[in-house]
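The block underneath contains the structure these notes are about, expressed in structure tokens.
The values are calculated or read from the model by the stated rules, or taken from the named source; none is laboratory data. Keep in mind that what you see is a predicted model, and the values were worked out from it rather than measured. As a convention, Cβ positions derive from the backbone with ideal geometry for all residues, glycine included, and neighbour counts pool all protein chains shown.
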């Protein structure tokens, strides 16, 4: 027997869902704003009318006016009705326009548009239990991932994360070998090479386009001759070679996470360290009922889990938590597992040793 509907609660639910629909569509406008450089233009201009923004950008005033009204309705920009001016405040600019800012997350809109483009194929996977391979995603998916991770690496990788591992610092300063597995556009490996000029630095990734981008990034950063990037199967790494191995948001995506971590264990030089960075969520779903959990489970369904299942993989998903990380480390043969005492809203880090 169906329960009686509380109409007041149903009204509130409808308002919530309509708000979420608005958020989805607004995300498309934010993608456009990021792609066309509108947020950056507003950061430079200060308070601006739609006519002035059109003159600055060379874009259609009518489209800009509608876009600006949407941004104001979402409270991403402020609006002075008397002057008809829109203003991107410094706080919003640091999040949406400044890619050097530690708070920049504007690239997420590029990522969302990428995963939305394959939503019909993910829907089919609900019927088959299979998945959507990486090759089905547009190239800007991987560009978005690189843009998203770079601010974290720039402000945290060397000064906070690696600094919490004194033995690693000592080895890299002394010319040790480091490799970032699943390196994407190579930003982490490049920063390691810059911070430790004597170290030998490598990066492996399965996606050829990512490796090409990593090589270009290394040349632009002035370390093209000191970082070797290769396309490679990361479950067959060279044995006993590396003093420091890192994976950043990689294990939960892996087709064979135990095979990956076992290969990493074998690739460590005696006394070497493996740094695992994952998303700071709980292994208990009920503890993830918050904004971060909403985003993580959604992106996991649309990318992380499905790309693993596409190849018959484990399909762990992005919200694996510490319990699963410990289990995988034990199955891969690691004897030492320690969660680093680093307070971070988004990232959790584990130190593993053979």
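Annotations
- Test: residue in region 75-90 that is in a helix (DSSP H, G or I) and either buried (at least 20 other Cβ atoms within 10 Å of the Cβ) or at pLDDT 95 or above (or both): yes
- Boolean, residue 226 is out of contact with any strand residue (DSSP E or B) (no Cβ under 6 Å at 6 or more places or on another chain) and under 21 Å from residue 299 (Cβ atoms): no
- Within region 30-49, the set of residues being touching a strand residue (DSSP E or B) at 6+ places or on another chain (Cβ under 9 Å), touching a residue at least 24 places away in the same chain (Cβ under 8 Å) and on the phi < 0 side of the Ramachandran plot comprises 42, 47, 48, 49.
- Within region 321-348, the set of residues being surrounded by fewer than 16 Cβ atoms within 10 Å (Cβ to Cβ), modelled with pLDDT of 95 or more and closer than 24 Å to residue 105 by Cβ comprises just one member, 342.
- Screening the candidates 313, 259 for the property of being closer than 27 Å to residue 121 by Cβ, touching a helix residue (DSSP H, G or I) at 6+ places or on another chain (Cβ under 9 Å) and surrounded by fewer than 20 Cβ atoms within 10 Å (Cβ to Cβ) yields one hit, 313.
- Residue list for region 235-247, filter: buried (at least 17 other Cβ atoms within 10 Å of the Cβ) and either without any contact (Cβ under 8 Å) to a residue 12 or more places away in the chain or in contact with a helix residue (DSSP H, G or I) (Cβ under 6 Å, 6 or more places away or on another chain) (or both): 235, 237, 242, 243, 244, 245
- Verdict on residue 120 being loosely packed, with under 14 Cβ neighbours inside 10 Å and either within 25 Å of the chain's Cα centre (by Cα) or at pLDDT 95 or above (or both): yes
- Taken over region 33-50, the criterion of being closer than 16 Å to residue 92 by Cβ and either modelled with pLDDT under 95 or in a helix (DSSP H, G or I) (or both) is satisfied by 33, 34, 38, 39, 40, 41, 42, 43, 44, 45.
- Against the test of being modelled with pLDDT of 95 or more and not in a helix (DSSP H, G or I), the options 68, 59, 53 yield a single qualifying residue, 59.
- Among the conditions (1) in contact (Cβ under 8 Å) with a residue 12 or more places away in the chain; (2) out of contact with any strand residue (DSSP E or B) (no Cβ under 7 Å at 6 or more places or on another chain), residue 149 misses just one, which is (2).
- Residue in region 130-142 that is buried (at least 19 other Cβ atoms within 10 Å of the Cβ) and modelled with pLDDT under 90 present: yes
- Filter pass, residue 263 being free of Cβ contacts under 8 Å to residues at least 40 places away in the same chain, closer than 19 Å to residue 178 by Cα and in the same structural domain as residue 170 (by TED's automatic domain parsing): yes
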